[in-house]
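Heads up: the structure comes next, in structure tokens.
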Amino acid sequence: MAENSMQTREGIRAVLETFRHTPKAHVQSFGCQLNFCDGEKYKGILQDLGYELTETPEEADVILYNACAVRAHAESRVIGRLGALKPIYDKNPRLIVGLCGCMAEEQEVRALLKKSYPFVKLILGAGAMERLPESLLAVYRGEKHRESLEFAGLPDETLPTVRTSSFQASVPVMYGCNNFCTYCIVPYVRGRERSRTPEAVEQEVRGLIEQGYREILLLGQNVNSYGRGLQTEIGFPELLRRLDAIPGDYFIRFMSSHPKDATPELIDTMLHSQHIEHHLHLPVQCGSNRVLKEMNRNYTSEKYLELIDYTRGIAPDFGFSSDIIVGFPTETEADFQDTMRMIEYVRYDNLYTFIYSPRSGTKAAEMPFVSSQEEISDRMRRLLARQREISEAFNRRFIGKTVRFLAEKFDPDTKLLLGKTREGLVLEAPGSEQDVGKLLHVTVTDAKNWALTGEQQPLI
Ligand code: 5AD
Ligand code: SF4
């Protein structure tokens, strides 16, 4: 360990020894899977420094909100929740409240906190995780406002992690984004793309599988550009093949894929694998070529559909899901109809739908709206209603088939297990608490728009 990080630890330990109780820390993450994954590292660092983790902010000595910047509405909610911590701080002025993650990278947010929420003394940008100990110590030593905002490098491979689940684990393969979609704030708050080495990823995944993890979720803003810039360049399909070769019983999932970089090689790798999900989250965002161009997405709807056609040509049941933004500033009703045609053609299993939210500093934030908010809400309603019908009809293709299913939760009232199949579909099946965390064989008996239902098959 570096000399100054040893000194920092000693400094914090000395402060914590003056407490008359066990020091406690509360970390709450908001937003995407990558943020939750970072949250597990914040927890690891705090535990390593001597804090006990707590779910109760009222009893904490450190509270970190690890928040997302992608949409304005979620941000306002976090600001509201930070404000609600003031009475806790007033009762315990030694409490350190911090904001970290993408939201902390926004200059306007930092200015607002400094002005109106001065009890939020710690600001840590996405990618400045390692700076947490020294920032805490600085505040304990009297600094009123400490900001650490680097995001150029990769997190230290040795950072401790407190995993939330004993059978599902997230593993980042790359950080940052180079794409600058015109609506998106991520490239500004997470910096340029940088990949972990395949050796580091493989070692982590192998370790998790040896510990009995059943689902590995590989994460990156655009996993399909994984490996660019590494000393020995390697593509994402090659990384997947290396991971798939690790012995064990597990699923590999990944997100997100950018359609401009997803290839038939990726699909072939998935279909020929032992462990990789037979499902691809391929965010199209919109069906109109004009809007896609204005979004700077670098593909057309025809190009997007080529990969769908290629896949369904060899695997007709293969499932896709997508993110869709409704109400991009220049979206007209005709553009929206292109999106409706897209969902009709692809028959997605599932859609993650978002009303466009202007983010300051992005190109789209300068574009005037051509539709009213009522028209946009109405489009969203129509999109969701049609998608429900499509999901239900398409999910029925699994009735009568036996699938593999990871049981994630058990509801003691209904006696039902809830989890996901290798095809990425939510499934419910009767079972017991002991089944949670296991990969089971289930025969699908029914399908609704949001889930399949099934019956467990005895292990042969
Ligand atoms: N407004 C609405 N949705 C957005 N997304 C990204 N930026 C915005 C925005 N400004 C959505 C995209 C992306 C998903 C993670 O969030 O659909 O794929
Ligand atoms: Fe945002 Fe586009 Fe990068 Fe995804 S690919 S994080 S939408 S800029």
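Which of the strands (runs of 3 or more DSSP E) found entirely inside the stretch 314-422 contain at least 2 residues meeting this: surrounded by 15 or more Cβ atoms within 10 Å (Cβ to Cβ) and either within 16 Å of ligand 1 (Cβ to nearest atom) or assigned by TED's automatic domain parsing to the domain that holds Tyr183 (or both)?
In the stretch 314-422, 319-326, 350-355 are the strands (runs of 3 or more DSSP E) which contain 2 or more residues that are surrounded by 15 or more Cβ atoms within 10 Å (Cβ to Cβ) and either within 16 Å of ligand 1 (Cβ to nearest atom) or assigned by TED's automatic domain parsing to the domain that holds Tyr183 (or both).
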Out of Leu266, Leu219, which single residue is touching a Pro at 6+ places or on another chain (Cβ under 6 Å), of a type in the set (A, V, I, L, M), within 30 Å of Gln107 (Cβ to Cβ) and surrounded by 16 or more Cβ atoms within 10 Å (Cβ to Cβ)? Leu219
Kindly evaluate Ile355 against the criterion of being in contact (Cβ under 8 Å) with a residue 40 or more places away in the chain, in contact with a helix residue (DSSP H, G or I) (Cβ under 8 Å, 6 or more places away or on another chain) and β-branched (Val, Ile, Thr). no
In the stretch 129-180, residue nearest to ligand 1 (Cβ to nearest atom) [restricted to those that are under 19 Å from Leu46 (Cβ atoms) and of a type in the set (A, V, I, L, M, F, W, C)]: Met129
Give me the pairs, please: first residue somewhere in the stretch 142-171 and within 19 Å of Phe254 (Cβ to Cβ), second residue anywhere and at pLDDT 90 or above and surrounded by fewer than 14 Cβ atoms within 10 Å (Cβ to Cβ), beta-carbon distance under 8 Å, and either six or more positions apart or on two chains. Phe167/Gly212
Considering each of Tyr183, Tyr188 in turn, give the residue that is touching a residue at least 60 places away in the same chain (Cβ under 8 Å), within 16 Å of ligand 2 (Cβ to nearest atom) and either aliphatic (A, V, I, L, M) or not in a loop (DSSP other than H, G, I, E, B) (or both). Tyr188
Tell me yes or no: at least one residue of the stretch 207-227 is more than 16 Å from ligand 1 (Cβ to nearest atom), more than 28 Å from Glu423 (Cβ to Cβ), in contact (Cβ under 8 Å) with a residue 40 or more places away in the chain and not assigned by TED's automatic domain parsing to the domain that holds Phe405. no
Say whether the condition of being among the polar types (S, T, N, Q), at pLDDT 95 or above and either crowded, with 19+ Cβ neighbours inside 10 Å or out of contact with any Gly (no Cβ under 8 Å at 6 or more places or on another chain) (or both) is met by at least one residue in the stretch 35-52. yes
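The values are calculated or read from the model by the stated rules, or taken from the named source; none is laboratory data. Note that this is a predicted model, so its numbers are computed, not measured. Cβ: placed from backbone, ideal geometry, glycine included. Neighbour counts: every protein chain shown.
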